[in-house]
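Every number in this text was worked out from the coordinates using simple rules, so none of it is lab data. All figures in this text were calculated on a predicted structure; none of them were measured in a lab. All Cβ positions, even for glycine, are placed from backbone atoms using ideal geometry, and neighbour counts span all protein chains on display.
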Amino acid sequence: MTRVASGEPPAPLPAPLPADYKSRLRRRLLAWYGRSARDLPWRRTRDPYRVWVSEVMLQQTQVDTVRPYFERFVEAFPTVADLAAADEEHVLRLWEGLGYYRRARSLHAAAKQVVAEHGGRMPREVAGLMTLPGIGRYTAGAVVSIAYDRPAPILEANTIRLLTRLVAYDGEPTSAAGQRRLWALAEELLPHKGAARFNQALMELGALVCKPAEPLCGECPLEPLCRARAEGSIGRLGATTKKLRFTDTREAAVVVRRGPSVLVRRCGEGERWAGLWDFPRFAIDAEGPLFAAKELAGKVLQQTGVRCEPGALITTLKHGVTRFRITLDCYEAAAAGGRVRKPARWVRPSELADLPLSVTGRKLSKLIL
Ligand code: SF4
């Protein structure tokens, strides 16, 4: 594609793309990747299980955050069979802090299915992988292409943005029509050989160069091929259009003590931290110990079966989960009777180290220790 200097619109990109456009794009992209690829632990392996774990961890999470989690996880569960045999609490404990815990529970469930139905071997086809819990078309394509080096296209946040700009796709990339167009494009650009390297290079370029707010077009190997660059439409293409609207909420967590023990409960299905443990916790209306005591006692009783006398405010934590901005008041309380009901139980504070806790549950446990 030639750059347009005079204000004339650039010539439209033909569909399907010409063979020489695709071969130039592949050559340029792969040469750049050879120079610029980051050395990441999951790139040193072709083990489909490890590729899968890394791809699941990387969903909605930054590379630098994932790195230590990935290393700890595959050290604890080196094979899919080890993961399948693990206790869910151990899996969640190693995932603690990474967020989106449903990913960990699906990974664990899928590992059990791989062992039960596939003899411990990961399926080699996109369709076979997509029968496993938590694996969609993107993750399946990533495992098939990266681990088996077979031509399966991929489309995730970074490549959606990059491809949208490359062809100056004017529609909404996340709409059904947009997804059809971009998946077709990802497939069209993919070479028959070397899919592992190509897909990783595409994601890497999206992450490092074709950034959401300020793409580094001057450093981009695809600049001469990029239609958005040619027509000057980068500003409106590929950036996140939907602004998240936050909802402010107030919640309380209560550290109920009975002698040397504290009361915790396992969050149930449908709750925000399903599978993890936490102190009794709920939304509250009242603010401050004087006003909240009755409400706290009633809700602790409702959640756990334990009667308590709420005391001082220990601390207030602020944190965000998806669209919620939460102010969490953490109170002390003394047990005053009742009978603990599952999934709540009494534990010694030292046992909290082995339980998977919500992020605020972990902060609070450190405070009370
Ligand atoms: Fe993205 Fe700019 Fe490269 Fe186009 S030239 S692909 S907008 S970084």
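For the reader, a short list of remarks on this structure follows.
- Among W183, W277, a tally of other beta-carbon atoms within 10 Å of each Cβ gives an order, fewest to most, of W183, W277.
- Pairwise Lys count, the chain - Cα closer than 17 Å, eight or more residues apart or different chains: 5
- Comparing V209, F282, S261 along the charge dipole axis of segment 207-283, the residue lying farthest to the positive side is S261, per the Cβ-charge model.
- Residue exposure sequence - E71, E96 - by fewest surrounding Cβ within 10 Å: E71, E96
- The modelled label-to-label distance for the pair T327/R35, using points 7 Å beyond Cα in the direction of Cβ, is 5.2 nm.
- The stretch between E271 and Y21, if pulled fully straight at 0.36 nm per residue, gains 85.0 nm over its current Cα-Cα span.
- Taking Cα centre as origin and charging only the Cβ of basic (Lys, Arg, +1) and acidic (Asp, Glu, -1) residues, the dipole magnitude of segment 19-236 rounds to 640 debye.
- DSSP bridge pairs, the chain: antiparallel proportion in percent, nearest 5: 65
- Sequence of I146, I368, I135 once ranked by neighbouring C-beta atoms within 10 Å, starting from the fewest: I368, I135, I146
- Across segment 110-119, coupling constants 3J(HN,Hα) worked out from phi with the 6.51/-1.76/1.60 Karplus curve, θ = phi - 60°, read 5, 4, 4, 5, 4, 5, 6, 10, 10, x Hz, and Gly and Pro carry x.
- FRET efficiency, R121 to K294 (Cβ-Cβ, R0 45 Å, nearest 0.05): 0.20
- Working note: Karplus 6.51/-1.76/1.60 with θ = phi - 60° gives segment 24-35 the couplings 5, 4, 4, 4, 5, 4, 5, 5, 4, 4, x, 8 Hz, where Gly and Pro are set to x.
- Total charge dipole magnitude, the chain, about the Cα centre, Cβ charges on Lys, Arg, Asp, Glu only, Debye to nearest 20: 60
- Taking amide H as placed 1.01 Å from N in the peptide plane, G311 has its amide H under 5 Å from the amide H of E332, A333, A334, each at least 5 places away in sequence or on another chain.
- Helix axis angle, 176-189 relative to the chain longest principal axis, alpha carbon, degrees: 50
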